[in-house]
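*Asks:* Just dropping this structure here.
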Amino acid sequence: MKILITGPQGSGKTTQAQMLANKLGLSLVDTGEMLRQMAKNDQSPEGQEVKAEMGRGELVDDRVAASLVASRLSGEDCRNGYVVDGYPRNLASLELFNPEFDQVFYLDIPDEEVEKRLLARGRADDTPEAIRERLALYHQKTEPVLGYYEKAGKLIRIDGRGGVEEVAKAIDEKIS
Ligand code: AMP
């Protein structure tokens, strides 16, 4: 089973992806976390470019994101399926590498709620400017990806405003 959990930052996608991967016994592939590790540990020009892009609240280069995810998903622990958090975030990267998801869960949540949650979370890249930048980017770049999965009949919209358990239950009911 190949599953994508998507939604804007602060929608709870990482928490839900972790819970779902545990429940189904599948590998969790957290794209944002892999890129944060790369930014921290990779001293090459490519690694440092990733760090700069993330610091500016931008998406990292499509080729970097696509090849990172492609190589991760080709691993032995992903042979029986995976739960991906955060890839693809635009149509261009989907053309470079398509993870062939069976189901795509979209955690839908209003912008105001996102801002409130993220300011409370206080991660290093959660400055007010970066939050606004990433939300604008989400609407512009990532929403077309939802359209792609909708047309493919794979998109399942979940109301992301509820509590963790409530959202998990809503996802559970739609897993097939
Ligand atoms: P996240 O942990 O999902 O909020 O991602 C944190 C940051 O990592 C994002 O703001 C982007 O800069 C970068 N990122 C995560 N996933 C991708 C992706 N699929 N393509 C490009 N950049 C990404």
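*Asks:* For the range 61-80, name all the residues that are part of a loop (DSSP other than H, G, I, E, B) and more than 16 Å from the ligand (Cβ to nearest atom).
*Replies:* Result: Ser74, Gly75, Arg79, Asn80.
*Asks:* Continuing with this model, one more query. Output the residue which, of all residues in the range 38-50 that are more than 24 Å from Asn98 (Cα to Cα) and open to solvent by 50 Å² or more (accessible area, probe 1.4 Å), is nearest to the ligand (Cβ to nearest atom). Break it down stepwise before answering.
*Replies:* Residues of the range 38-50 that are more than 24 Å from Asn98 (Cα to Cα), as a first pass: 40-45, 48.
Subsequent filtering for residues that are open to solvent by 50 Å² or more (accessible area, probe 1.4 Å) retains 40-41, 43, 45, 48.
Numbers: Lys40: 12, Asn41: 15, Gln43: 19, Pro45: 17, Gln48: 14 Å.
Here the answer is Lys40.
*Asks:* Now, a different point. Of everything in the range 121-141, what is open to solvent by 60 Å² or more (accessible area, probe 1.4 Å), in contact (Cβ under 8 Å) with a residue 24 or more places away in the chain and of a type in the set (A, V, I, L, M)? Give them in sequence order.
*Replies:* Result: no residue meets the conditions.
*Asks:* Taking Asn98, is it touching a residue at least 40 places away in the same chain (Cβ under 8 Å) and either in a helix (DSSP H, G or I) or of a type outside the set (Asp, Glu) (or both)?
*Replies:* No: the conditions fail for Asn98.
*Asks:* Which numbered condition trips up Pro144, out of (1) assigned to a helix (DSSP H, G or I); (2) out of contact with any Leu (no Cβ under 6 Å at 6 or more places or on another chain); (3) open to solvent by 40 Å² or more (accessible area, probe 1.4 Å)?
*Replies:* (2)
*Asks:* Sticking with this one: Only one residue in Glu53, Glu58 is under 20 Å from Lys141 (Cα atoms), of a type in the set (D, E, K, R), over 16 Å from the mean Cα position of the chain (by Cα) and within 13 Å of the ligand (Cβ to nearest atom), so which one is that?
*Replies:* The unique qualifying residue is Glu53.
*Asks:* Answer yes or no as to whether Leu35 is within 21 Å of Gly75 (Cβ to Cβ) and either surrounded by 14 or more Cβ atoms within 10 Å (Cβ to Cβ) or more than 7 Å from the ligand (Cβ to nearest atom) (or both).
*Replies:* yes
*Asks:* Okay, next question. Do we find that Glu112 is open to solvent by 70 Å² or more (accessible area, probe 1.4 Å), of a type outside the set (S, T, N, Q), within 14 Å of the ligand (Cβ to nearest atom) and in a helix (DSSP H, G or I) in this structure?
*Replies:* In short, no.
*Asks:* Turning to a different aspect of this structure: Can you tell me which residue among Arg117, Arg134, Arg89 is assigned to a helix (DSSP H, G or I) and within 21 Å of Ala66 (Cβ to Cβ)?
*Replies:* After ruling out the rest, the residue left standing is Arg134.
The values are calculated or read from the model by the stated rules, or taken from the named source; none is laboratory data. Keep in mind it's a predicted model, so treat the numbers as computed, not measured. All Cβ positions, glycine included, derive from the backbone under ideal geometry; neighbour counts span all protein chains shown. Surface accessibility is based on the protein's heavy atoms, side chains included, excluding ligands, DNA and RNA. Shrake-Rupley method; radii C 1.70, N 1.55, O 1.52, S 1.80 Å.
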